[in-house]
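Participant: Next up is a structure, given as structure tokens.
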Amino acid sequence: MEELDIESRLVKFYSSQSNLVPLHAASGHFATSHSHINYYIDLTSLKTRVDEAKEVAKLIESGYRGSNKIIDTIVCMDGTETIGSFLGQEFEDHNYMTINKHETIYVVTPEYNRNNQLMFRDNIARTIKGKNVLLLMATTTTGQTIRRSMECITYYQGTVVGVNSLFSTIDSIDGTKVDYIFSPEDLPGYEAFEPRNCPFCKKKIQIEAMVNGFGYSKYMSF
Ligand SMILES: [Zn+2]
């Protein structure tokens, strides 16, 4: 019997923090750039549906309320720009401090250069240099992408004042706290393995798709 495709296997899971924002996940054998996992986590609707992105933004903001954080710039990774825009609006509505001259929050996203390094062009780098930056991610398994992104922001002379990943298996990296909406506790049975210790690989079960913060791809490696 042929296996159902990923889309039709997606099941809804809710965060313990809110019953308004569900994540979707399909079980199977998937590979990220640094690990193998038994669930593909799909955040597409949270990232692309205006109503859900707005709810996510509200939830993220509520986690920082009263923290007296100064936030000048939101750096969006993994296609989180829609959420980032609403989040900037939430921060402004709740009178978060900013050192920006125009007292508004910047929402930006880096590029990958030819060597697959993160970079900001000069016109965008101005929104990082000397600014307090909140880093927004979609999914975090090992934290390597957070580390790379933080290095990039530091290189452009920004200060990372917060890291938020919609789904995260870790709560800190290199001493920096990682805030999240969903954790493996919200996804019963979720497991991540080092590729060489992956039980699916040991049983010669094929990898179904490559996944990263953007989503999944059956035919492309990265
Ligand atoms: Zn594997």
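Participant: Kindly establish whether Gly175 is away from the ligand (no atom under 16 Å from the Cβ) and touching a Ser or Thr at 6+ places or on another chain (Cβ under 9 Å).
Facilitator: On the way: away from the ligand (no atom under 16 Å from the Cβ): yes; touching a Ser or Thr at 6+ places or on another chain (Cβ under 9 Å): no.
Here the answer is no, as Gly175 does not meet what is asked.
Participant: Can His36 be described as open to solvent by 10 Å² or more (accessible area, probe 1.4 Å) and in contact with a Pro (Cβ under 8 Å, 6 or more places away or on another chain)? Reasoning before the result, please.
Facilitator: Values: open to solvent by 10 Å² or more (accessible area, probe 1.4 Å): yes; in contact with a Pro (Cβ under 8 Å, 6 or more places away or on another chain): yes.
Criteria met by His36.
Participant: Go through segment 191-222 and give me each residue that's within 18 Å of Asp78 (Cβ to Cβ), over 12 Å from the mean Cα position of the chain (by Cα) and in contact (Cβ under 8 Å) with a residue 40 or more places away in the chain.
Facilitator: Passing the criteria: Ala192, Ala209, Met210, Val211, Tyr216, Phe222.
Participant: In segment 134-156, is there at least one residue being open to solvent by 30 Å² or more (accessible area, probe 1.4 Å), modelled with pLDDT of 95 or more and on the phi > 0 side of the Ramachandran plot?
Facilitator: no
Participant: To continue, here is another question. Just to check your reading of the model, which residue among Thr82, Thr109 is surrounded by fewer than 20 Cβ atoms within 10 Å (Cβ to Cβ) and either at pLDDT 95 or above or of a type in the set (A, V, I, L, M) (or both)?
Facilitator: On the way: Thr82 fails: surrounded by fewer than 20 Cβ atoms within 10 Å (Cβ to Cβ).
The match here is Thr109.
Participant: Name the single residue that is surrounded by the most Cβ atoms within 10 Å (Cβ to Cβ) among those in segment 112-127 being touching a strand residue (DSSP E or B) at 6+ places or on another chain (Cβ under 6 Å) and within 24 Å of Tyr64 (Cβ to Cβ). If you could, list the steps in order and put the result at the bottom.
Facilitator: Step one: filter segment 112-127 for residues touching a strand residue (DSSP E or B) at 6+ places or on another chain (Cβ under 6 Å), giving 113, 119, 124, 127.
Those left that are additionally within 24 Å of Tyr64 (Cβ to Cβ): 124, 127.
Working: Ile124: 17, Thr127: 21.
Out of the qualifying residues, it is Thr127.
Participant: Another question about this same structure. If we keep just the residues of segment 39-53 that are of a type in the set (Val, Ile, Thr) and under 19 Å from Arg9 (Cα atoms), which is least open to solvent (accessible area, probe 1.4 Å)? Spell out the reasoning first.
Facilitator: Let us first name the residues in segment 39-53 that are of a type in the set (Val, Ile, Thr), namely 41, 44, 48, 50.
In the following step, the residues that additionally are under 19 Å from Arg9 (Cα atoms) were identified as 41, 44.
Numbers: Ile41: 19, Thr44: 61 Å².
Residue satisfying both the conditions and the ranking: Ile41.
Participant: Still on this structure, please answer the following. Within segment 185-197, track down each residue that is more than 16 Å from the ligand (Cβ to nearest atom) and either buried (at least 18 other Cβ atoms within 10 Å of the Cβ) or at pLDDT 95 or above (or both).
Facilitator: Result: Asp186, Leu187.
Participant: Further question on the same structure: Output the strands (runs of 3 or more DSSP E) that fall wholly within segment 1-110 and possess 1 or more residues being among the polar types (S, T, N, Q) and touching a residue at least 40 places away in the same chain (Cβ under 8 Å), or say none.
Facilitator: Values: elements: 11-15, 18-31, 36-42, 73-76, 106-108.
Where strands (runs of 3 or more DSSP E) fall fully within segment 1-110 and carry at least 1 residues being among the polar types (S, T, N, Q) and touching a residue at least 40 places away in the same chain (Cβ under 8 Å), they are 11-15, 18-31, 36-42, 73-76.
Participant: Another question about this same structure. Would you point out the residue of segment 19-33, among those that are over 28 Å from Pro195 (Cα atoms) and open to solvent by less than 20 Å² (accessible area, probe 1.4 Å), that is nearest to the ligand (Cβ to nearest atom)? Quick ask: steps written out before the conclusion?
Facilitator: Narrowing segment 19-33 to residues over 28 Å from Pro195 (Cα atoms): 19-22.
Retained after the next criterion (residues that are open to solvent by less than 20 Å² (accessible area, probe 1.4 Å)): 21-22.
Values: Val21: 29, Pro22: 27 Å.
Across segment 19-33, the extreme among qualifying residues is Pro22.
Participant: Test Ile170 against the criterion of being more than 16 Å from the ligand (Cβ to nearest atom), surrounded by fewer than 18 Cβ atoms within 10 Å (Cβ to Cβ) and either more than 23 Å from Leu43 (Cα to Cα) or touching a residue at least 12 places away in the same chain (Cβ under 8 Å) (or both), and give yes or no.
Facilitator: So Ile170 passes the test.
Participant: Looking at (1) at pLDDT 95 or above; (2) loosely packed, with under 12 Cβ neighbours inside 10 Å, which is the one condition that is false for Tyr180?
Facilitator: With (1) at pLDDT 95 or above; (2) loosely packed, with under 12 Cβ neighbours inside 10 Å applied to Tyr180, the lone miss is (2).
The values are calculated or read from the model by the stated rules, or taken from the named source; none is laboratory data. Here the structure is a predicted model, which means the values were calculated and not measured. Reconstructed Cβ throughout: ideal geometry from the backbone, glycine too, with neighbour counts over all protein chains shown. Just the protein is used for accessible areas: all its heavy atoms, side chains included, with ligands, DNA and RNA removed. Shrake-Rupley method; radii C 1.70, N 1.55, O 1.52, S 1.80 Å.
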